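Everything below concerns the one structure shown next.
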Amino acid sequence: MKKFKSGLITLLFLASVPGYSQLGIKAGINMANEVNPLKSGEITTGLSTDNLIGYQLGLYYQLVPKKAGPGFDTGIFISQKGYTYTPNSENTSAVGYKELNYVEVPLNLRYQIPLGFLSIFGFGGLYAGYVMTGKNVVEAESINENIEFANSGDRLDYGYNLGAGMGFFKKVQFSVNWSRGIKNLSTDSDTTIHNKAFTVALTYLF
């Protein structure tokens, strides 16, 4: 947590760069999973996990230089994460998924290179998220259960981002982003769980 806070302070300090700001709408597709989402005992019974396909949608803000150089971006997004699980053997009937709907705020440093009406950029930074709703679904057994959280701390997540993209006419951006959670999301001392997601997104800037 101390490393996350120090990184956040550094990002805010470095974000005060000269340039022009733009507000936009960003929409994308998440391919999310959890690192070590199942206990070893559950894995041996025949379950394996795969990506959950969800969405990311929200307001986006960037501060970028007029020429090549460093900049900053942030926003507030609804982002779906979780995982799907399927049987490894005929003895396991469970087929379903875990879905978590986060409100997320990223803080990224970026470097942009304009190339006429095009631009290319890379970015990296931190994110923080808070689960608004969640559910577990077992399709074969028609189970659809809301996930309950003991306290607000269990709803929190934070981690880091890495990504790159292209801009067109200073209005449209195509980007890819990989994020990895730092916080252990498990309430079980024998299990470690971290979010991870790969996102493909389009942004329209006003």
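The values are calculated or read from the model by the stated rules, or taken from the named source; none is laboratory data. Since this is a predicted model, take the numbers as computed values, not measurements. No Cβ is skipped: glycine too gets one built from the backbone with ideal geometry, and neighbour counts run over all protein chains shown.
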key: Selected residue (only one of Tyr130, Tyr97 is touching a Ser or Thr at 6+ places or on another chain (Cβ under 6 Å) and of a type in the set (Phe, Trp, Tyr))   = Tyr97
Residues satisfying the stated conditions in region 185-206, i.e. modelled with pLDDT under 90 and exposed (fewer than 15 other Cβ atoms within 10 Å of the Cβ) = Thr187, Asp188, Ser189, Asp190, Thr192
query = If we only count strands (runs of 3 or more DSSP E) wholly inside region 125-184, which ones have 3 or more residues that are buried (at least 17 other Cβ atoms within 10 Å of the Cβ) and either at pLDDT 95 or above or under 16 Å from the mean Cα position of the chain (by Cα) (or both)?
reply = 156-168, 172-181
note = By residue number, the members of region 102-118 that are surrounded by fewer than 16 Cβ atoms within 10 Å (Cβ to Cβ), more than 23 Å from Ala32 (Cα to Cα), in contact with a strand residue (DSSP E or B) (Cβ under 7 Å, 6 or more places away or on another chain) and not aromatic (Phe, Trp, Tyr) are Ile113, Leu118
